[in-house]
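Worksheet for the structure shown next.
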Amino acid sequence: MLKGSPLVVGFGLAVIVSASTWFYVDRILKAQQVADAAVNNRPRGNLSDLYPRWLGARELARYGRNPYSAEVTREIQKGYYGRPLDPTRPADPKDQQGFAYPAYVIFLLVPTIGLPFDEVQSGFRWLLVALAGMSVLLWIKALQWPISLLAKLILMVLALGWLPMVQGIKLQQLSLLVAGLIAGSVGCLTAGWFFGAGVLLALATIKPQLTWPVVLWLFLWAGSEWRARRRSVLAFIFTMTLLLGGAEMALPGWLGMFLQAIGHYHQYTQNQSVLVWMFGSIIGRILEVFSVVACAFCLWSVRREPATSREFGRAMGLVLALTVVIVPMFAPYNQVLLVPAILALVRVFISAEPVLPAVRLAGMVGGVMLVWPWIATLALSAAFPWLTPELRQRVWPMPFYSNFMVPLFVFGLALMDTWLNPVRGLRDAAAAE
């Protein structure tokens, strides 16, 4: 390929904009958070989202202590925040950082509990980087997108420099691990390894709120061709039985404790879905129901498609986009689940496929929303030498301005793309005759 070819230029631009995101997070966003914490006397410890799970796993596996208990929660706060939270201090964080995960997450973390946490933290960060890059390749394969190696590298670099991905890596968020496990499960399906697909999907249920739509879709898809696809469901059930049974042996009655911890978590974080946040409680709930019904209608028409088909990859992207807009969590790092839907949409809009003018216009608006964080971080990084603390306080939120709009546009466009796909297929078949 020639040096001046569009892909080479695109790779250079991808490196620049992705580097700007990391620079923004390290030098601008972090500096603002540190300054704000100092002004408000807000505690700052390791701030690793892995730490509460790691410490809870260590205490249960080594000492038989209940990771959901108030005593372990206070110890978690000492590491995460630097000190236990004080309810008499209004500036203290509201998130108690309790062990709000299924108890079987300990089986993934037990191999690390004998290591110092700083080593675990560093290793996990690199694991997430590797998973993010591999996930892009797996989704490209699932979407049956025949692109060059350089084009794949561009998409990987952009993914690694995408603000939700960077935030998740910096925080060591388990949402990125779940996204990687789901991508691995789909990769196994496309390769014909149905048993492995069920195992990986079961492991991804360490964050059940992010996986239940995918599990339901897998059951529907497998049930439509049960004889050929049943191994994925049976492997999922078998692995879940081992996880649930093992957790019950390690901590009897853990399920009730977990449900109580989830209730407390939503009380002190006041988490809501993207739709509820954007449109209010009543309209948001109605839109959630409508989204689920519309998604189910579209998925029903593609339930018999093989895992090696492009339509199956699109369907998986739609299910994950639905997950992002309906689960009661609106943190940016959960948007890493949008990667397959975004890749599918990019393929449609850069191809010669006919697209309705209204859909193309919506795609252009959604595209602007998607690239806005890169535009903002690039501008802020370039202006860094002139950012005084006062100016930084005003401009640091700029990359997050499109945070709530991106999931809505991606889900809406993915829904439209999946719905129109059978129409395109019928039209192409008629034209061929």
Practice item. In a Gaussian network model over the chain where Cα atoms closer than 10 Å are linked, find which of ALA179, ALA315, ALA235 has the largest mean-square fluctuation. Key: ALA235
Check your understanding: Tell me, what HN-Hα J-couplings in whole Hz come from the Karplus equation 6.51 cos²θ - 1.76 cosθ + 1.60 at θ = phi - 60° for each residue of segment 183-189, using x for Gly and Pro?
Key -> 4, x, 4, 5, x, 5, 4
Point to revise | Alpha carbon Rg of the chain, scaled by the compact-globule rule 2.2 N^0.38 Å | key: 1.01
Review point. Three principal axis extents, largest first, for the C-alpha atoms of segment 136-213, in Å?
Key: 34, 33, 16
Review point. Just the C-alpha atoms of segment 129-175: what Rg/Rh do they give, with Rh taken as the Kirkwood radius?
Key: 1.01
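Decide, for segment 212-266, between rounded, prolate and oblate: order the square roots of the alpha carbon gyration tensor eigenvalues as a ≥ b ≥ c, take rounded if a/c falls under 1.5, and otherwise choose prolate if a/b is larger than b/c, else oblate.
Values: a/c = 5.62, a/b = 1.83, b/c = 3.07.
Verdict is oblate for segment 212-266.
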Check your understanding: Among GLU390, GLU71, GLU225, which one shows the biggest mean-square fluctuation in a GNM of the chain, springs joining Cα atoms closer than 10 Å?
Key -> GLU390
Exercise for review: Using the Karplus curve 6.51 cos²θ - 1.76 cosθ + 1.60 with θ = phi - 60°, work out ³J(HN,Hα) for each residue of segment 228-244 in order, rounded to whole Hz, and write x for Gly and Pro.
Suggested key: 7, 10, 5, 4, 5, 5, 5, 5, 4, 5, 4, 5, 4, 4, 5, 5, 5
Practice item. Considering only VAL325, VAL346, VAL336, give the residue with the highest GNM mean-square fluctuation for the chain, with springs between Cα atoms whenever their separation is below 10 Å. Key: VAL346
Practice item. Counting only C-alpha contacts under 8 Å and six or more residues apart, can you give the relative contact order of the chain as a whole percent? Key: 19 percent
Point to revise | Eligible lysines near LYS170 by straight Cα distance, threshold 30 Å, same-chain separation 8 or greater | key: LYS30, LYS78, LYS94, LYS141, LYS152, LYS207
Exercise for review: Can you check what the net charge comes to around PRO87, using other residues whose Cβ is under 15 Å from the Cβ of PRO87 (Lys, Arg +1; Asp, Glu -1)?
Suggested key: +2
Review point. Given 0.36 nm per residue, what is the gain on full extension from LYS94 to PHE290 after removing their alpha carbon distance, in nm?
Key: 67.3 nm
Practice item. Using θ = phi - 60° and the Karplus relation 6.51 cos²θ - 1.76 cosθ + 1.60, list the HN-Hα couplings for segment 362-368 in order, rounded to whole Hz, with x at every Gly or Pro. Key: 4, x, 5, 5, x, x, 4
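Once the other residues with Cβ under 11 Å from the Cβ of ARG303 are scored (Lys, Arg +1; Asp, Glu -1), what is the net sum?
Residues close to ARG303 contribute a combined charge of -1.
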Practice item. Please give the FRET efficiency for PHE384 paired with LEU255, using the beta carbon to beta carbon distance and R0 = 60 Å, rounded to the nearest 0.05. Key: 0.75
Check your understanding: How are the C-alpha pair distances of segment 68-199 spread across 10 Å bins, as whole percents from the shortest bin up?
Key -> 10, 31, 31, 18, 8, 1
Check your understanding: How large is Rg over Rh for segment 304-383, taking Rg from the Cα atoms and Rh as the Kirkwood inverse mean of 1/r across Cα pairs?
Key -> 1.04
Review point. Between ARG304 and ALA38, what FRET efficiency comes out of the Förster formula 1/(1 + (r/R0)^6) with R0 = 56 Å and r the beta carbon distance, rounded to 0.05?
Key: 0.40
**Study point:** segment 155-254: mean projected area of Cα convex hull, nm²
**Key:** 7.7 nm²
**Study point:** GLN393/GLU225 FRET efficiency (R0 60 Å; Cβ-Cβ; nearest 0.05)
**Key:** 0.60
Exercise for review: Grab the eigenvalues of the alpha-carbon gyration tensor for segment 257-397, scale each by 5, take roots, and send me the semi-axes largest first in whole angstrom.
Suggested key: 31, 26, 14
Practice item. Using a 10 Å cut-off on Cβ atoms, rank the peptides 280-288, 97-105 from the highest mean neighbour count down. Key: 97-105, 280-288
Check your understanding: Within segment 60-92, what residues put their amide N at less than 17 Å from the label point 7 Å along the Cα-to-Cβ vector of ARG125?
Key -> 80-81
Exercise for review: Report the normalised scattering of segment 1-146 as log10 I(q)/I(0) at q = 0.09, 0.15, 0.20 Å⁻¹, calculated by the Debye formula with identical scatterers on the alpha carbons.
Suggested key: -0.45, -0.95, -1.24
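Every read-out reported here was derived from the displayed coordinates using simple, explicitly stated rules and does not represent laboratory data. Quick caveat, the model's predicted, so the values are computed rather than measured. Note that each Cβ is placed from the backbone with ideal geometry, even for glycine, and that neighbours are counted across all protein chains shown.
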